[in-house]
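*Asks:* My questions all concern the structure below.
No lab work stands behind these numbers, since they all come straight from the coordinates. Note that the coordinates shown come from a computational prediction; the quantities given were computed from them, not determined experimentally. Cβ coordinates were reconstructed from backbone atoms using ideal geometry, including for glycine residues, and neighbour counts include every protein chain displayed.
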Amino acid sequence: MNDDLHINDMMRHAYVDGRLNAQEQEMMNRYLAAHPQEARKLDAWRKDAAQLRAALHTAEAPLNPALDPVAIRMRLKERSSARWKLAASVLVALCIGGLSGWQLNSGPTAQSSLADRPLPMQDAIAAYRVFAGNPALRADALAAETDLQQWVTANFSNAQRLPDLTANGFHPVYARMLVTEQGPAAVIMYKNDAGQQTGFYIRPPGPGNKLLPKGQRQEGPLLTRYWSDHGYNYALVSSNAIVMSGTG
């Protein structure tokens, strides 16, 4: 029996999620034994997903069943456009609130459902908490090896340039690709010499192509400034308010 004919992306994703039944798992085990390079890749994805889940639990990010990575992955796989065919490992990042990159409307209807709707760029804050607090999580690009501005330009056409925070002592260190139902997102982490961190977050507009007016909000010790430009929503998240001056 040729297992290669039965292994597709759905099975790979289910393997990463631990959702294969006994027969499928046996088939996948045989396939991976014959394809060690792919076995290493899928195992790395599984470890990455496990790390992110653990980090999300530690960060106490609000979980929504609709944003479960398994459910999201199943919905995305139903779409034929090539831009949805993203690596399985990044889909778990939807746990941090992939639908929240939009601004709440005002008015009685919006006010009545305020408690049930996400605040602006909540996913940016959650991404900062996850990656700032877990340095062991894998990066997709390191400043020591890659020009992070070129990386952003390659992945986000016509996006705004990375904020220059050198005057405040911060420099970009690494980037991590994430995903939302509207398309790819990313967080670029900055550090200063004292090890303090700032996160720059970029994502497509939320449902209805909702762009953000300039604004900022405080959540605990974190100050988040958000805005839209060049067809994307952006946020700068930091516990150091000084880096907010002159950006956006």
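*Asks:* Amide H to amide H under 5 Å from residue 174: which residues, 5+ apart in sequence or cross-chain, H placed 1.01 Å off N in plane?
*Replies:* 143, 189
*Asks:* Starting with the highest mean, order 199-205, 122-128, 225-231, 18-24 by the number of other Cβ atoms within 10 Å, averaged over the residues of each peptide. Display every interim value, and only then the final one.
*Replies:* On the way: 199-205: 23.1, 122-128: 26.6, 225-231: 17.6, 18-24: 11.7.
For the peptides 199-205, 122-128, 225-231, 18-24, the packing ranking is 122-128, 199-205, 225-231, 18-24.
*Asks:* Another question about this same structure. Please arrange 237, 179 by how many other C-beta atoms lie within 10 Å of their C-beta, fewest to most.
*Replies:* 179, 237
*Asks:* Arranged by the count of other C-beta atoms within 10 angstrom, fewest first, what order do 166, 198 take? Please report the intermediate quantities before stating the final value.
*Replies:* Numbers: 166 11, 198 27.
Going from least to most buried by this count: 166, 198.
*Asks:* Next question, about the same structure. Are there GluC sites (Glu not before Pro) in region 118-226 that DSSP marks as loop and that have at most 13 other Cβ atoms within 10 Å, and which are they?
*Replies:* On the way: sites: 145, 181, 219; in loops: 145, 181.
Passing both the DSSP loop test and the Cβ count: 145.
*Asks:* Taking the Cβ of residue 178 as the centre, find all other residues whose Cβ is under 10 Å away and add up their charges (Lys, Arg: +1; Asp, Glu: -1). Display every interim value, and only then the final one.
*Replies:* Numbers: positive: 176, 203; negative: 123, 140.
Computed value for this residue: 0.
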